[in-house]
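Note sheet for the following structure.
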Amino acid sequence: MEKLIPLSVPNFAGKELEYVTRAVETEWVSTGGRFIKEFEEKIAKYLKVKKADACQSGTAALHLALWLSGVGKDHEVIVPTLTFIAAVNPIKYQGAEPVFMDCDDSLNMDLDKLEEFCQKKCFLSKEGLINQRSKKVIKALIIVHVFGNMANMERVMYIARKYKLKVIEDATEALGSYCTKGEYSAKFAGTIGDFGAYSFNANKIITTGGGGMLVAKDIALAARAKYLSTQSKDDPLYYIHDEIGYNYRMTNLQAALGLAQLEQLEDFIEIKTKNYALYKKELETIEGLDLLNFNKETRPNYWFYSLMIDKEKYAFNRDELLQKLYQRNIQTRPIWGLIHQQKPYLNNQSYQIERASYYLERVLNIPCSTNLDEQKVLTVIQLLKDFSSQRGI
């Protein structure tokens with residue numbers, strides 16, 4: 001059996017042990033300590049924003065963004081069906097309901113269908129955009145930058161302004177991706193909409209083990225996010241709380257790890273870019289396989305690599321190839337199950353879901369860790385070439 005080549009694992013090549021040890025030695029291991037503030041400040045500087053608020057997870061960041069967007073009972077939020085369910089569940093936390101949108105060929109939300117839905121299936125009133133079917137106000141739009149591939153934010157913001165929607169960018173997979181052309185040139189994913197959420201889960205481009213970060217265009221709302229995430233503590237000495245808050249703070253241990261990871265972020269992106277290019281070049285020689293492209297007007301972080309399988313031309317379909325690679329100790333993953341088909345969301349509205357189903361059946365994510373060297377990439381490629389000759393066997 002070949003040595004395991006995992007899908008996406010952390011790379012601790014920097015000062016992680018040094019910083020975490022320092023946090024332990026000072027005994028600041030919980031939700032207080034200097035590493036939290038330093039991590040927030042350095043993320044904010046990297047993203048070129050005024051303030052960033054560390055929190056427990058990307059999900060927590062999204063929940064806070066919805067709360068601060070005024071989303072509540074009897075509201076709706078437009079979301080993609082092709083995403084991880086964490087982008088959708090916080091809507092339910094607020095008592096609101098999602099409306100599901102299809103993806104385009106970048107796997108991001110189909111903006112043509114989004115605009116068509118707003119124009120033909122809704123109407124504007126003094127309360128905001130009203131869904132003709134439910135008669136509810138559509139309060140916000142969650143745009144997910146899938147696998148680090150930025151959506152067309154110029155178009156997103158145009159639609160949002162036209163239809164009075166708050167924009168929450170789920171940049172949990174896209175830390176380091178930024179626009180290179182147009183109105184938002186040099187703007188990072190997560191910093192263009194009203195709110196941006198990031199995740200530092202173990203498989204993300206940098207990790208704190210678990211954890212997230214929220215940024216807000218309105219600095220007052222960013223400050224309010226910090227207040228809400230720390231149990232809405234009005235007096236820290238006498239424990240006075242004037243509002244319901246959340247235990248959403250990151251720990252100092254996590255922040256120490258994240259700080260060391262952040263110092264290596266651009267190096268990690270360089271590695272991912274190089275490995276993507278190698279995969280892309282070699283896979284072009286295999287009939288029936290290709291890597292999906294990243295949007296040309298961006299500098300992506302190349303977080304995940306999406307292998308497109310033509311079931312008519314390649315030897316195996318998605319699930320067969322997944323099993324063949326698993327047998328050779330190569331870890332891969334299909335796209336998430338579409339959210340509008342999940343049991344908790346079967347009764348929610350969806351709009352012309354077509355491409356998402358198409359890609360769900362044909363895409364596998366293949367190994368993309370930042371500690372993946374050229375030889376391991378070539379090992380994966382060689383297996384894919386070997387399998388291609390087995391058509392009909």
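Sort out which residues of the range 40-75 are of a type in the set (Asp, Glu) and buried (at least 24 other Cβ atoms within 10 Å of the Cβ), and write them in order of number. The answer is Asp53, and nothing else.
Working only within the range 1-33, note down all residues that are modelled with pLDDT of 95 or more, in contact with a Ser or Thr (Cβ under 8 Å, 6 or more places away or on another chain) and not hydrophobic (A, V, I, L, M, F, W, C). Within the range 1-33, Pro6, Ser8, Pro10, Asn11 meet the criteria. So which residues in the range 114-146 are in a strand (DSSP E or B) and within 30 Å of Arg362 (Cβ to Cβ)? Hits for the range 114-146 are Leu141, Ile142, Ile143, Val144. Number of residues in the range 277-306 that are under 20 Å from the mean Cα position of the chain (by Cα) and either under 30 Å from Cys55 (Cβ atoms) or charged (D, E, K, R) (or both): the value is 13.
Residues checked against (1) in the same structural domain as Lys136 (by TED's automatic domain parsing); (2) touching a residue at least 60 places away in the same chain (Cβ under 8 Å); (3) among the charged types (D, E, K, R); (4) farther than 30 Å from Pro6 by Cα:
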{"residue": "Leu165", "(1), (2), (3), (4)": "yes, yes, no, yes"}
{"residue": "Glu173", "(1), (2), (3), (4)": "yes, yes, yes, no"}
{"residue": "Phe188", "(1), (2), (3), (4)": "yes, yes, no, no"}
{"residue": "Tyr198", "(1), (2), (3), (4)": "yes, yes, no, no"}
{"residue": "Val215", "(1), (2), (3), (4)": "yes, yes, no, yes"}
{"residue": "Asp218", "(1), (2), (3), (4)": "yes, no, yes, yes"}
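In the set Gly193, Gly128, only one residue is more than 18 Å from Ala86 (Cα to Cα), of a type outside the set (A, V, I, L, M) and buried (at least 24 other Cβ atoms within 10 Å of the Cβ); that residue is Gly193. Whenever a residue of the range 129-148 is more than 10 Å from Lys164 (Cβ to Cβ), its partners that are of a type in the set (Gly, Ala, Ser) and outside any loop (DSSP other than H, G, I, E, B), lying with C-beta atoms within less than 8 angstrom and at least six residues away or across chains, give the pairs Leu141/Ala160; Ile142/Ala87; Val144/Ala87; Phe147/Ser306. Taking the criterion of being buried (at least 17 other Cβ atoms within 10 Å of the Cβ), assigned to a loop (DSSP other than H, G, I, E, B) and among the aliphatic types (A, V, I, L, M), the residues of the range 328-361 that qualify are Ile335, Leu338, Ile353. All of Arg355, Arg362 fail the test of being touching a Cys at 6+ places or on another chain (Cβ under 9 Å) and of a type outside the set (Phe, Trp, Tyr), apart from Arg355. Residue-level check: of (1) among the hydroxyl-bearing types (Ser, Thr, Tyr); (2) in contact with a helix residue (DSSP H, G or I) (Cβ under 7 Å, 6 or more places away or on another chain); (3) under 25 Å from Tyr302 (Cα atoms), Tyr345 misses just (3). Here Leu364 meets each of (1) outside any helix (DSSP H, G or I); (2) exposed (fewer than 12 other Cβ atoms within 10 Å of the Cβ); (3) not hydroxyl-bearing (Ser, Thr, Tyr) with one exception, condition (2).
The values are calculated or read from the model by the stated rules, or taken from the named source; none is laboratory data. Everything numeric in this text was worked out from a predicted model, so none of it was measured. Quick reminder, even Gly has a Cβ in these numbers, built from the backbone with ideal geometry, and neighbours come from all protein chains shown.
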